[in-house]
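The values are calculated or read from the model by the stated rules, or taken from the named source; none is laboratory data. Since the model is a prediction, treat every value here as computed from it, not as a measurement. Ideal geometry is used to build each Cβ from the backbone, glycine not excepted, and the neighbour counts take in all protein chains shown.
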Amino acid sequence: MKKLTTLLTLIFAGTLAFAQMPTFHNPNAKVTITKEQIDAWKDKAPKAPTDVTTLTFEGIGDFQSIGNYYNGGSGPNYGVSFSENALSIIGSDHGGSGNFTNEPSPVTVLFFLTGSPVMNVAAGFSTGFSFYYTSAADVTVYVYDGLEGTGTLLASQTFPANYENGCAVGFCHWDAVGVAFAGTAKSIVFTGVENQCGFDDVTFGSVTPHPTAVPTVSEWGLIILGLALLAFGTFYIIRRKSFVRIG
């Protein structure tokens, strides 16, 4: 009886903890962003170097299937397609239904509610694969030399939960990660807890995602502090040299 009580307690505690975890999509959010604003963000999307391809997901919209947007759809034609469960979402701070902030390239990112999304690159790519991510649980990516997650597994890597490192509300921390491999890849499979993770600036052909992340509020604070200290140090050195000359 005691063992049964302990087991039920553990199950209840685990269920409660999971229920309290934040969700990436808020179905009750009032979406206010307009098509004109979405198109404007598409035009503002930063460009990656010419030797790599980066998907910023700008221009797709809030809570939309990505599908063939990058494969002859209304976006740049990179020959890249996604499975139906790969969705785009815009943060609520920009009028969307996403529970996230500080995304590397505002305002749209990739997430999923079911299954494991697959990204297909028909022409293939080499060297590496990279992205920014935020997640309340571990995420793993698998790189295959065939389409739809088939063929030989070229590489896989797991990345830890990070969503609230150094910040306060929702999914607000993003990390840049990359996976190197030998050979030619044609598909990527994203796995993690549904509605618990997001990805941005998905880049193939490089182990470093592009463009580089926009500094968060806390990072801007550190940058400003560093500049202030540098200015003070320079001023102190100049004053000290002037004092020495006078003396």
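Name the single residue, out of those in the stretch 21-53 being over 18 Å from ASN102 (Cα atoms) and hydroxyl-bearing (Ser, Thr, Tyr), that is surrounded by the fewest Cβ atoms within 10 Å (Cβ to Cβ).
THR50
Those residues that are in contact with a Leu (Cβ under 9 Å, 6 or more places away or on another chain) and in a loop (DSSP other than H, G, I, E, B), I need them from the stretch 147-192; list them, please.
Result: PHE181, ALA182, GLY183, THR184.
Does the stretch 76-94 contain at least one residue that is over 23 Å from ALA122 (Cβ atoms) and either in a loop (DSSP other than H, G, I, E, B) or out of contact with any strand residue (DSSP E or B) (no Cβ under 8 Å at 6 or more places or on another chain) (or both)?
Checked against the condition, which is being over 23 Å from ALA122 (Cβ atoms) and either in a loop (DSSP other than H, G, I, E, B) or out of contact with any strand residue (DSSP E or B) (no Cβ under 8 Å at 6 or more places or on another chain) (or both), the stretch 76-94 yields at least one hit.
Restricting attention to the stretch 199-211, does a residue exist that is among the small types (Gly, Ala, Ser) and either modelled with pLDDT of 50 or more or in the same structural domain as GLY98 (by TED's automatic domain parsing) (or both)?
Within the stretch 199-211, one or more residues are among the small types (Gly, Ala, Ser) and either modelled with pLDDT of 50 or more or in the same structural domain as GLY98 (by TED's automatic domain parsing) (or both).
Report the residue count in the stretch 155-169 for those that are of a type in the set (Ser, Thr, Tyr) and either loosely packed, with under 14 Cβ neighbours inside 10 Å or within 19 Å of VAL189 (Cβ to Cβ) (or both).
Of the residues in the stretch 155-169, 2 are of a type in the set (Ser, Thr, Tyr) and either loosely packed, with under 14 Cβ neighbours inside 10 Å or within 19 Å of VAL189 (Cβ to Cβ) (or both).
So how many residues does the stretch 40-60 have that are of a type outside the set (Ser, Thr, Tyr) and not in a loop (DSSP other than H, G, I, E, B)?
6
Cβ-Cβ under 6 Å, sequence separation 6+ or interchain: first residue in the stretch 45-74 and in contact (Cβ under 8 Å) with a residue 40 or more places away in the chain and under 15 Å from PHE125 (Cα atoms), partner charged (D, E, K, R) and buried (at least 18 other Cβ atoms within 10 Å of the Cβ). Which pairs?
Final answer for the pair search is THR54/ASP201.
So which residues in the stretch 130-161 are under 13 Å from the mean Cα position of the chain (by Cα) and more than 13 Å from GLY192 (Cα to Cα)?
SER130, PHE131, TYR132
Inside the stretch 103-134, can you point out the residues that are hydroxyl-bearing (Ser, Thr, Tyr) and either in a loop (DSSP other than H, G, I, E, B) or not assigned by TED's automatic domain parsing to the domain that holds ASP93 (or both)?
SER105, THR114, SER116, SER126, THR127
Among the residues in the stretch 93-113, are any of a type in the set (A, V, I, L, M, F, W, C), in contact (Cβ under 8 Å) with a residue 12 or more places away in the chain, more than 18 Å from ALA40 (Cβ to Cβ) and surrounded by fewer than 22 Cβ atoms within 10 Å (Cβ to Cβ)?
The answer is yes, given that some residue of the stretch 93-113 is of a type in the set (A, V, I, L, M, F, W, C), in contact (Cβ under 8 Å) with a residue 12 or more places away in the chain, more than 18 Å from ALA40 (Cβ to Cβ) and surrounded by fewer than 22 Cβ atoms within 10 Å (Cβ to Cβ).
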